[in-house]
Amino acid sequence: MGTFLQFVVLGLGLGSIYIGLGTGLLLVHRATGIINFAQGAMAMWGAYVFAQLRVDGTLVFPIGSIEFARRPPIEVAALIGILTAFVLGLVVHYLVFRPVRHAPVLAQVVVSVAVMITIQALVVLRFGPNNIDVASILPEGSISVLGTDLPTREIIMAAIMVVLAAAVWAYLRFTRAGVATRAASENERAAVLMGFSPDRLAAVAQVVAVVLGTISVMLGSSLTGLNPDNYTLLVVPALAVLLVARMESIAVVVVAALLLGAFQSVIGLLVTKSWWPVWAQSGLDQVIPFAVVMVILFVQGKRLPSRGSLQTIRLPDVSIPKLKPVPAVILLVLGVAALSFTQGTWRFGVTTSIIVMLLALSYVVLTGYLGQISLAQGAFAGAAGFALSKMTSAWGVPFPLSLILSALVATALGMLVALPAFRIRGAQLAIITIAAALAIERFVFNNYTLSPPEGNPIADATLFGLNLGVREGRDLARISFSVMVLVIAAILVWVFIRVASGDTGRTFLAVRANERAAASSGIDVRKTKLIGFAISAFIAGIAGCLIGFSRGQLSAESFTVFAGLQVLAVAYLGGITSVGGAIVAGVLGPLGIVYTLLRGVFDLGEYYALISGLGLIITAILNPVGIAGATREQVAWVRRRLSRSGPPPSTVPDAPAPKEPSRV
Amino acid sequence: MSDKGLHTKGLTVRYGGLVANDSVTIDVDPGTVVGLIGPNGAGKTTFVDAVTGFTASAGEILLDGTRIDALPPHERRTAGLSRTWQSGELFGNLSVAENLLVAARAGGWRTLVRDIFVPRRKVSDDVVSRALEVVGLADVADTLARDLTLGQQKLVGVARALAGGAEVLLLDEPAAGLDSMESRAFAARVRSIADSGPGILLIDHDMSLVLGVCDVVTVLEFGKQIFTGTPAEARTDPTVVAAYLGAPVEASHA
Ligand SMILES: Nc1ncnc2c1ncn2[C@@H]1O[C@H](COP(=O)(O)OP(=O)(O)OP(=O)(O)O)[C@@H](O)[C@H]1O
Ligand SMILES: [Mg+2]
């Protein structure tokens, strides 16, 4: 009993962070309708600044730094950290969130994911990828309760955060500005009528949210040290807390946050017991938030208030693809040429680009055509990859069959993740898919009973005696492997075009445009979503298998949540509604051609994540159709110009009426 | 009254404390046009929503003699119950022809397999052009739905409701947005659709349209059915005149 109580109290430290992040999420959602996936990353930056000041007296900025002769005292360092958070909140609000305040949900989700990737990448660049120690502001100590020594630090932390959350509650409840903020979440005009600028209110909310989160991370990270990945992803349990509170009640946020923290801590205790099954030891703390989110959404899915719920996601127009033999052959020839005139790391880069193109294509199906936001594509790819390892090395399943069966594993997983999409959409679906992805990563990929730490070997593919392995001697990327990847990709693109231009594609677009109208036209909306998730996960699964073949073995690091998000970034950047966009995404994608260029020619490989994050922010704000879409619009525009100034059309029918480039 | 067509018995819809449909009993027999009229907020759209499964209701809904009240909306559609929306609700980013094809060819696993292995090379335009012909919009097939005028969008909605084949059509203010000439032409089309088989429930505020084309008229007020009878009876019924026809009969939009 004593140990149990100790662990409960230890969990309050984590719970305090959830209070900070959860309250901030709620405040921002209240003021702007945006669910900020970057809340954890933003809260982490100020805490890092604080920690680094205490470690060696360096004040780190995104660019440049100041070294103090002596380490500043802890109060000063903390103040600088909070000030940094203040500035960060303002900057992100005015540069990023304000421009998308009236944008569709997808753009808002993507923008906040982009901020998350960017800040996380920046932290890795500026502070390093490893854990750093964080000085404790609070004194260590313990009190004795019922004969058990309980740490006071966690209790004081929780008390501080509860008081701060109460202050936010009082602000929303009792001040005119707070009341106007709440009013603005329903109707911006109401805030204006009260004499407030909704925009100013949103800026205040954003700043308060970041400062609050930063304080909680500064306090809480003294227990564990700071780590870029973990703290960025703390937003996921915080989002679970937000949903429990129905995005409304700060009191519920506080209670749920502390309970979740305590619960995760107690789970940490229980898994060390001898009676606890070994296979369920890892990642259970992430399964819980996921389970919580699932239950909440199923119980109250339709009743969750959300500004975005009435408006269906509007997306860039889709031009229904046609299978044109000439461009197809040109592309294939280009692909073969790119593979045969390169070698070593360059050919590996081209091959990776083709694989990433497939991952991006899985987003085109699901998000571009069907309008569903999934942040779990990386997990689908990973599931197939791990299945492939088992099939090839443990069970000896022969090549094309192993690929297809593994992709079907991903398909099954995708259909499972589709179930919540029956009831929810938009940002809430994004929450559940990222929670699912994290749970799968921690519970399955990181689980040593399922995935041994020394790696999951994948046997090389052979077909009719032909060796399709990626490496041989010093050849890092054999041509036969690369051509196999190209052929598989070509087949999938061809299948995609048939589906997209067929009855199925039309059904997807109808569901994307208007679910009610689709149902009244006889479309089974749920089955359509199931099919969309299945196709998308299948394509992602094939990509995951190809990644597996290209590495020869897989580990949990091969398919992190971040890798998945990075692919979303490039998919959106390239253009999420077309094959062309997927190809551009492949070229830009992680470890692809552009990455190889950055690394090999400009020696800028480490900046890749940062650049892709920034690129995504800019794309989501300025150019929602992505690079491919923008190019298509420009080509169409030039064509119209030419056809107008050219000779009078004799056989050509009139060019379609000039249309504004689609804006979202 | 035959078993065929749409029949509701004691259909009741509650929104919180508000009884939006209070035990509504309506028969739409094949080949007939039933008018549903009533002031704004009377519960006309609610009735259509309930019958087509977009809002929960109590009471019986029968289509061709079979209870359909437990079916989800898309199955009611495939069973032959087809509706339009007061607000149009076309798929704005699809062309008119594609809007119709959505209704004519629902997807599914089998469709997926067929799309991959035996795609329909040429889209059979029959369904589309026939449905567009009926509403007199044959020339807009390739226009994006959102580029149409509101009146045209409503008509395309009717065409879409027809496209999959329908036993009963529920038209929610399809003529709003048409001028009086177009409205008269539309009345003739409604008549000819009904003559070709399906039963039609027509909601509209244009009295001359409704009283002119319908075989039976039902009047709703605050969710209650205050009158059911022929247009001639409606014109002289004191409750109807008091409740709804108090204004001159020609009055169009409320
Ligand atoms: N989803 C809903 N939730 C709560 N109340 C609703 C809902 N839909 C309609 N109502 C209410 O039910 C009543 C009937 O509305 P309905 O839209 O059916 O009227 P109507 O006869 O179609 O009116 P109109 O001629 O304006 O189209 C109104 O008071 C309306 O406010
Ligand atoms: Mg209505």
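Quick notes
- Membrane-span-like helices in chain B, defined purely by DSSP H runs whose alpha carbon atoms cover 15 Å or more axially and whose average Kyte-Doolittle hydropathy reaches -1.0, are B:150-163, B:180-195.
- 13 Å beta-carbon shell around A:Phe481, net charge (K/R +1, D/E -1): +1
- Efficiency of FRET from Cβ geometry, B:Ala70 and A:Leu450, R₀ 41 Å, rounded to 0.05: 0.45
- Contact order normalised by residue count of chain A, Cα under 8 Å, 6+ apart, percent: 19 percent
- Neighbour count of at most 15 Cβ within 10 Å plus DSSP loop: longest GluC sites (Glu not before Pro)-free window in chain A: A:141-453
- Relative to the longest principal axis of the Cα atoms of chain A, helix A:579-588 runs at roughly 60 degrees.
- The DSSP beta bridges internal to the protein assembly as shown are antiparallel in roughly 65% of cases.
- Multiplying the residue separation of A:Ala69 and A:Leu419 by 0.36 nm and removing their Cα-Cα distance gives an extension gain of 120.2 nm.
- Taking B:Asp172, B:Asp29, B:Asp139 in turn, the Gaussian network model of chain B (Cα-Cα springs below 10 Å) assigns the largest fluctuation to B:Asp139.
- GNM on chain B, alpha-carbon springs under 10 angstrom: the most fluctuating residue among B:Thr236, B:Thr143, B:Thr111 is B:Thr111.
- Relative contact order of chain B, taken over Cα pairs closer than 8 Å and 6 or more residues apart, is 28 percent.
- A Förster radius of 35 Å, combined with the Cβ-Cβ distance separating A:Thr148 from A:Leu125, puts the computed FRET efficiency at roughly 0.20.
- Nearest 10 degrees, 0 to 90: helix A:399-421 Cα axis against chain A principal axis: 50 degrees
- Förster radius 25 Å - calculated FRET efficiency between B:Met181 and B:Ser87 (Cβ-Cβ, nearest 0.05): 0.60
- Most mobile of B:Gly41, B:Gly65, B:Gly17 in a GNM of chain B (Cα contacts under 10 Å): B:Gly17
- Modelled this way, with points 7 Å down the Cα-to-C-beta line, the labels at A:Val91 and A:Val326 are 5.0 nm from one another.
- Pairs spanning more than 24 Å between alpha-carbon atoms, out of A:Lys273/A:Lys390; B:Lys9/B:Lys44; A:Lys529/B:Lys9; B:Lys44/B:Lys154: A:Lys273/A:Lys390; A:Lys529/B:Lys9.
- In chain B, excluding the sites themselves, the longest stretch lacking any of the trypsin sites (Lys or Arg not before Pro) that are in a DSSP loop with at most 13 other Cβ atoms within 10 Å is B:123-254.
- Between the exposed loop cleavage positions of chain A, defined as chymotrypsin sites (Phe, Trp or Tyr not before Pro) in a non-H, G, I, E, B DSSP state with at most 12 neighbouring beta-carbon atoms within 10 angstrom, the longest gap is A:1-274.
- Put the Cα centre of the stretch A:78-157 next to the Cα centre of the stretch B:91-122 and the gap is 48 Å.
Computed from the coordinates by the stated procedures, all read-outs in this text should not be read as laboratory data. Here the structure is a predicted model, which is why all the values come from computation and not from measurement. Positions of Cβ are backbone-derived with ideal geometry, glycine not excepted, and every protein chain shown enters the neighbour counts.
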